[in-house]
């Protein structure tokens, strides 16, 4: 699922433009595996699956793999539609330097939710 | 209030009118903006907006002839919100909404407009304060309607992010609450609701959340509400994870006689995210109160 992010994001010119000031790496953690997502001025430059030797990233979004699957359903069930709903009810945690995430929250939410555009709901 | 302006063909003018009142709230001068629609002798329906927003959330209600046939709908912007002013001296204080201050504000405005035992309907923080009003001031209101009501909402994120110089507080506020809508909310309703959150004063949403997450806790006191004196209706959108259906049902368990409606396909902002769907649930409640 996350490997599709370059196609989902980079083809959306408005989304890329809105992220023009974002250059960093963040981690999507699913417990026993993770992905590093490298952002370069609003474009997804790379998505690197674990293991990554000595990974560096600005912040991490952590939740169980099956919960990400529920989040990426095309029509999520109540409580599964938003990362903060999952933070309140389903154990999602936000870790690290969060200022870039919060300062660009619409953008990161749009990126994280973009896999819903794909027809299948299975995690990663 | 009544005025019908002349307009060109093809232009539709909504029936609501807005004005400003000057009044004292807790001994302090305030200038408060309100809008209303409906007959002067209709049943007064006083509407309370959500934290960090303003009365524009109720524009669908104000423009609904099936409501304004019997009801005089009154919507005000809380001080510090929308077109209401912050009080003089605001620069030297931190805004924080308290339970007592919120109740004083509502009763002062109801008294100022000489409303005869209005129905009071509020959403989110408004859905909480109506429970306090039912408990502490049942004689002043004929019924309360709580939207997304809960007895308490513990903090589930660090609200200090909403007022920091390195974060655009209002775009962030909108982004933060953007997940509280139902997935199939019409884009125009969702994004107009979010627009309300993109506008406002620094620290105001955060100050409202002091009431929502700390001071407004009414757990342990709900059993004191007597629904034979003041009916309690609770309507909650199923996609709200903040004032969730479970939160509403838990609160209602302690209010003997409270009527709960869970609204499919709606979230935290039923009156503005999808008014046509919301009215399907609200109109029967309003009819019941009118016939009561």
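The values are calculated or read from the model by the stated rules, or taken from the named source; none is laboratory data. All values derive from a computational prediction rather than experimental measurement. Every residue, glycine as well, gets a Cβ built from its backbone with ideal geometry; the counts of neighbours run over all protein chains shown.
Here the condition is being assigned to a helix (DSSP H, G or I), at negative phi and away from chain A (no Cβ under 14 Å); of B:209, B:286, it holds for B:286 alone.
Of the residues in the stretch B:228-247, at least one is without any contact (Cβ under 8 Å) to a residue 12 or more places away in the chain, closer than 24 Å to residue B:134 by Cβ and within 14 Å of chain A (Cβ to nearest Cβ). Which of the residues that make up the stretch B:163-189 are free of Cβ contacts under 8 Å to residues at least 60 places away in the same chain, crowded, with 19+ Cβ neighbours inside 10 Å and more than 7 Å from chain A (Cβ to nearest Cβ)? Passing the criteria: B:163, B:169, B:170, B:174.
Whether any residue in the stretch B:248-259 is buried (at least 21 other Cβ atoms within 10 Å of the Cβ) and not in a helix (DSSP H, G or I) is what I want to check. Checked against the condition, which is being buried (at least 21 other Cβ atoms within 10 Å of the Cβ) and not in a helix (DSSP H, G or I), the stretch B:248-259 yields at least one hit. When residue B:234 is tested against (1) within 27 Å of residue B:78 (Cβ to Cβ); (2) not in a strand (DSSP E or B), just one condition goes unmet, and that condition is (2). Residues that are more than 9 Å from chain B (Cβ to nearest Cβ) and not in a loop (DSSP other than H, G, I, E, B) were ranked within the stretch A:87-99; the one that is farthest from residue B:167 (Cα to Cα) is A:93.
Evaluation of residue A:14 against the conditions (1) in a strand (DSSP E or B); (2) free of Cβ contacts under 8 Å to residues at least 60 places away in the same chain shows that the sole unmet condition is (1). Taking the stretch B:260-283 as the range and being within 14 Å of chain A (Cβ to nearest Cβ) and either in contact with a helix residue (DSSP H, G or I) (Cβ under 7 Å, 6 or more places away or on another chain) or part of a helix (DSSP H, G or I) (or both) as the test, the residues that pass are B:262, B:263, B:265, B:266, B:267, B:268, B:269, B:270, B:273. Each residue in the stretch B:134-162 was checked for being outside any loop (DSSP other than H, G, I, E, B), more than 8 Å from chain A (Cβ to nearest Cβ) and over 21 Å from residue B:271 (Cβ atoms), and 8 of them qualify. Just one residue in the set A:71, A:84, A:59 is touching a helix residue (DSSP H, G or I) at 6+ places or on another chain (Cβ under 8 Å) and either facing chain B (nearest Cβ under 9 Å) or without any contact (Cβ under 8 Å) to a residue 12 or more places away in the chain (or both); that residue is A:84.
Answer with yes or no whether residue B:52 is under 23 Å from residue B:189 (Cβ atoms) and in a strand (DSSP E or B). No; evaluated as a whole, the condition is false for this residue. Restricting the stretch B:1-42 to residues that are in a loop (DSSP other than H, G, I, E, B) and in contact with a helix residue (DSSP H, G or I) (Cβ under 6 Å, 6 or more places away or on another chain), which is farthest from residue B:88 (Cα to Cα)? So the residue we want is B:38. Checking the stretch A:104-123 against the condition returns a match, with at least one residue being surrounded by 19 or more Cβ atoms within 10 Å (Cβ to Cβ), over 21 Å from residue A:6 (Cβ atoms), within 12 Å of another protein chain (Cβ to nearest Cβ) and modelled with pLDDT of 95 or more.
Filtering the stretch B:55-64 to residues that are touching a strand residue (DSSP E or B) at 6+ places or on another chain (Cβ under 9 Å) and in a helix (DSSP H, G or I) leaves B:55, B:56, B:57, B:58, B:59, B:61, B:62. Taking the stretch A:31-50 as the range and being at pLDDT 95 or above, assigned to a loop (DSSP other than H, G, I, E, B) and closer than 19 Å to residue A:96 by Cα as the test, the residues that pass are A:33, A:50.
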